[in-house]
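> Here it is: the structure, laid out below.
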Amino acid sequence: MRTAGIVGIGDMGSGLAKNLLKNGFEVTGIDLKPERMAAFVAMGGKAAQTPAQVAAASQAVFVMVMTGDEAKNVILGDDGLVAHLPKGGAIILSATIKPKEAREIGEAMRGSEVHLIDTPVSGGFPGAQSGTLTMMAAAPDGVLDRFAPFMDAVSANIHRVGINAGDGQTVKACLQSLIGAQFSATFEAAALAAKAGVPGQVLLDVFSTSSAGCGVVNNALEKVIDRQFEGTGSHINTMHKDLTISMGLGEELGVPLHTAASAMQIFHAGRTKYPNGDNWVCTRVIEEIIGAELHRNGRP
């Protein structure tokens, strides 16, 4: 039986676990929150107490944590993955971190006989839960071939974007600069429609069948018109972090990112006012300024 591990079993990691189990993998995992661990065990996963235990039980381990520092700790620490994975095993870095942090992890792993696959994902909570994520995978072809079954179990699209650690994170930073701009434009358009008296369903019908319609826009607008601003699996902290990474890469390379910068400010405002909200809560900040709300039927 193939054995997989997961470090970080939150909104995204729980989806990885579910789909690995569905595809016949034995899955060992760890998370800091007891309620997440309980849900993981209930779905058939095996609980570990340390990253080392996850590594010892796995041929490959997905790392789905929030920050680069967390990734470094679980991968490179004394009780971490590199020190305890079997030789020839792989760390599948599916978290979104700074490209330079991924490069630093790759450099630190050099000579360890453990492979690093730098493969952040896109698709959010729905994609993770349905096993339809898009992966931006960076590693030598032989490594990607060997561990393709692990990645196929959780994704619908695997793009080979490079061979070096950091290549995947670089592509993800470019993607998130675009997605951030799409989100912020959707929030502003929703507020404009609210003030003009356009019903939310009308706006969704038009947007979703127009040239502007896409998964990002359609999903965001649907959450807005149904007033679902919390608990949808897309916490604002994650997008705020991702845009921070995109802006940092632009600064590092000397590339002006005007629309991403505007999106960053909208997400910063939303996160400050509603720290427990999801991405779509940014719309509420604008609505409060203009004194109008967008509802599906046009009425509060």
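> Just to be sure I understand the filter: pairs with C-beta atoms under 8 Å, separated by 6 or more residues or on different chains, first member in the range 283-299 and within 15 Å of Ala196 (Cβ to Cβ), second member loosely packed, with under 12 Cβ neighbours inside 10 Å. Which pairs pass?
Taking only residues 6 or more apart or on different chains, the pairs are Glu293/Pro300; Gly298/Gly197.
> Something else now. Please enumerate the residues belonging to the range 76-95 that are farther than 16 Å from Arg110 by Cβ and charged (D, E, K, R).
First, the residues of the range 76-95 that are farther than 16 Å from Arg110 by Cβ: 77-79, 84, 86, 92, 94-95.
Of everything in the range 76-95, those that are farther than 16 Å from Arg110 by Cβ and charged (D, E, K, R) turn out to be Asp78, Asp79.
> Among the strands (runs of 3 or more DSSP E) lying completely within the range 111-189, list those that include at least 1 residues that are in contact with a His (Cβ under 6 Å, 6 or more places away or on another chain), modelled with pLDDT of 95 or more and crowded, with 21+ Cβ neighbours inside 10 Å. Outline the logic, then answer.
Working: elements: 115-118, 133-138, 155-162.
Fully inside the range 111-189 and qualifying: 133-138.
> Hey, another quick one. With the requirement that a residue be farther than 13 Å from Ile91 by Cα and small (Gly, Ala, Ser), what does the range 149-167 give you?
Looking only at the range 149-167, we keep the residues that are farther than 13 Å from Ile91 by Cα, and these are 149, 152-164, 166-167.
Selection gives Ala153, Ser155, Ala156, Gly162, Gly166.
> Which one of these does Ser177 not meet: (1) touching a residue at least 40 places away in the same chain (Cβ under 8 Å); (2) over 28 Å from Ser94 (Cβ atoms)?
In the conditions (1) touching a residue at least 40 places away in the same chain (Cβ under 8 Å); (2) over 28 Å from Ser94 (Cβ atoms), Ser177 misses (2) alone.
The values are calculated or read from the model by the stated rules, or taken from the named source; none is laboratory data. Owing to the predicted nature of the structure, the values given are computational and were not obtained by experimental measurement. Cβ coordinates were reconstructed from backbone atoms using ideal geometry, including for glycine residues, and neighbour counts include every protein chain displayed.
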